[in-house]
1. Please go through segment 120-132 and give me each residue that is crowded, with 18+ Cβ neighbours inside 10 Å and either among the hydroxyl-bearing types (Ser, Thr, Tyr) or more than 11 Å from the ligand (Cβ to nearest atom) (or both), ordered by number.
2. Could you please find all residues in segment 208-233 being in contact with a Gly (Cβ under 7 Å, 6 or more places away or on another chain) and under 24 Å from Gly137 (Cβ atoms)?
3. What residue, of Phe189, Phe170, is more than 12 Å from the ligand (Cβ to nearest atom), modelled with pLDDT of 95 or more, surrounded by 23 or more Cβ atoms within 10 Å (Cβ to Cβ) and not polar (S, T, N, Q)?
4. Which one of these is in contact with a Lys or Arg (Cβ under 7 Å, 6 or more places away or on another chain) and either surrounded by 24 or more Cβ atoms within 10 Å (Cβ to Cβ) or part of a strand (DSSP E or B) (or both): Ala261, Ala252?
5. Yes or no: Ala116 over 15 Å from the mean Cα position of the chain (by Cα), of a type outside the set (S, T, N, Q) and buried (at least 24 other Cβ atoms within 10 Å of the Cβ)?
6. Just for segment 346-400: of the residues that are in a loop (DSSP other than H, G, I, E, B) and hydrophobic (A, V, I, L, M, F, W, C), which one is nearest to the ligand (Cβ to nearest atom)?
7. Hey, does segment 67-82 have a residue that's within 14 Å of the ligand (Cβ to nearest atom), in contact with a Gly (Cβ under 9 Å, 6 or more places away or on another chain) and in a helix (DSSP H, G or I)?
Amino acid sequence: MIDFDFTENQLAVRDMARELAARVITPDIQKWDRAQKANPALLPAMAETNLLGFCIPETYGGLGMDYISLGLACEELEYADTSARVILSVHIGLYSLPILTWAGEELKQKYLTPAARGEKIGTFGLTEPAAGSDAVGLQTTAVRDGDHFILNGEKMWISLADVADYFLVFAWTDLEKKKNRDHSGISAFIVEREFEGLTTGSIHGKLGVRAGNTGFISFQDVAVPASNMVYDEGQGFKIAMFCLDQGRYTVAGGSTGLIRACRDACVKYSWERKTFTQPIAEHQLVKQMIANMEAGYEYSRYLWMKAGWLKNQGKRSTKATSLAKWIACREAEEAAANAVQVFGAYGFSDEYPVERYYRNSKGASIYEGTREIHTLMQADYALGIRKDKQLERDLPMVEQ
Ligand code: CAA
């Protein structure tokens, strides 16, 4: 049965995220965005409200909420600023949920529980200076040395690189397979910031998400215990793709929140601002832009909700997630560009938030699968070239 109502628990999570965003993010976001720095109060506030582990089971220190709640929280955080939603994308989507699904009990106790409690922050390292869409093109290697693997390489465009304590990273453990680009030579590891030879840095001068940390990770002969390999050797590529199924879902939910932010800002402004003796809300071409925002918001929400519904059932959601991510990001870009247009010259200044929405909307059509990758994936599903077979492991089913 299809149910478009949210449960009381889901609404409670939404309200908690909304309240946190209004209290901690919105009042100072212009200042942090201008300074190109993260608000230091945000992570502690997210930890305090249990947002950093709210859809991880209680046995691992989380709140045991469902995946629709995750989508709702992402909407609320990105309504305030994209940088806040990115924290949930990497810490929960790309780090915690994959560890929950793929890691053994010992690793979960050690690396998931502190993350779910908000005591430690996790992130994900797949992308490299010369390997983004072409994930199999990564160059980082992990060579066995007794009971350790020695990691060498560099990861780039990593959200929270300079903040995270734990890194879920991907490296070639079979160098013969690397030569042939056979993905079954890639493995996944959890690496701690404290491991010798690991350094990180921040990337400055970004177009958007300026109040969020984005950086690089460098591995120089980093000795990682073999027991920190996640699941079996050679399964890293599949785990990376699984991570993206969760990360892309959070981006879809967040971008939907960004569309709503554009719509609300435009609705308010268009009743206040008058031209030709009328509020601009009464001009048909302004109405057209607001109508497109309304439509984009509604269908983006249905798409991420469908993906979330599949996840709640423990069913594979790769196709639905890719579609939701692609469409929500596309609509957010259009909504933000039109929001600047509705605000006219004021939209061109950071006196109003729509200029920030516009800059923030661009990145999401690039990270976690470019719009081109998602376009090709959807075409391949339609053409019968791509099919989602049953996965060896999938997200644990959850009660709504
Ligand atoms: N879950 C689990 N397994 C999956 C999977 C999924 N979602 N998708 C694919 N697989 C498995 C397949 O079943 C297949 O297994 P077998 O070989 O056993 O059959 C294997 O993985 C290979 O699958 P494909 O043939 O589908 O892989 P592909 O080579 O066609 O994939 C691609 C191509 C879709 C372009 C993929 O490389 C891709 O998604 N690229 C984009 C990467 C991306 O989004 N990068 C952004 C990272 S975000 C970031 O790094 C920023 C940050 O802040 C952290």
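1. Lys120, Ile121, Thr123, Thr127
2. If the condition is that a residue be in contact with a Gly (Cβ under 7 Å, 6 or more places away or on another chain) and under 24 Å from Gly137 (Cβ atoms), then Gly215, Phe216, Ile217, Phe219, Gln220, Asp221, Val222 are the ones that fit.
3. Phe189
4. The conditions single out Ala252.
5. It is true that Ala116 is over 15 Å from the mean Cα position of the chain (by Cα), of a type outside the set (S, T, N, Q) and buried (at least 24 other Cβ atoms within 10 Å of the Cβ).
6. Leu391
7. Yes, there is a match, as at least one residue in segment 67-82 is within 14 Å of the ligand (Cβ to nearest atom), in contact with a Gly (Cβ under 9 Å, 6 or more places away or on another chain) and in a helix (DSSP H, G or I).
This table checks each residue for (1) away from the ligand (no atom under 16 Å from the Cβ); (2) basic (Lys, Arg); (3) more than 30 Å from Ala345 (Cβ to Cβ); (4) out of contact with any Gly (no Cβ under 7 Å at 6 or more places or on another chain).
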position	(1), (2), (3), (4)
Gln235	no, no, yes, yes
Gly247	no, no, yes, no
Ile259	yes, no, no, no
Phe276	yes, no, no, yes
Gln284	yes, no, no, yes
Ile290	yes, no, no, yes
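The values are calculated or read from the model by the stated rules, or taken from the named source; none is laboratory data. Just so we're clear, the structure is a prediction, and the values are computed from it rather than from any experiment. A quick note on method: Cβ atoms are made from the backbone with ideal geometry, for glycine too, and the neighbour counts reach across all protein chains shown.
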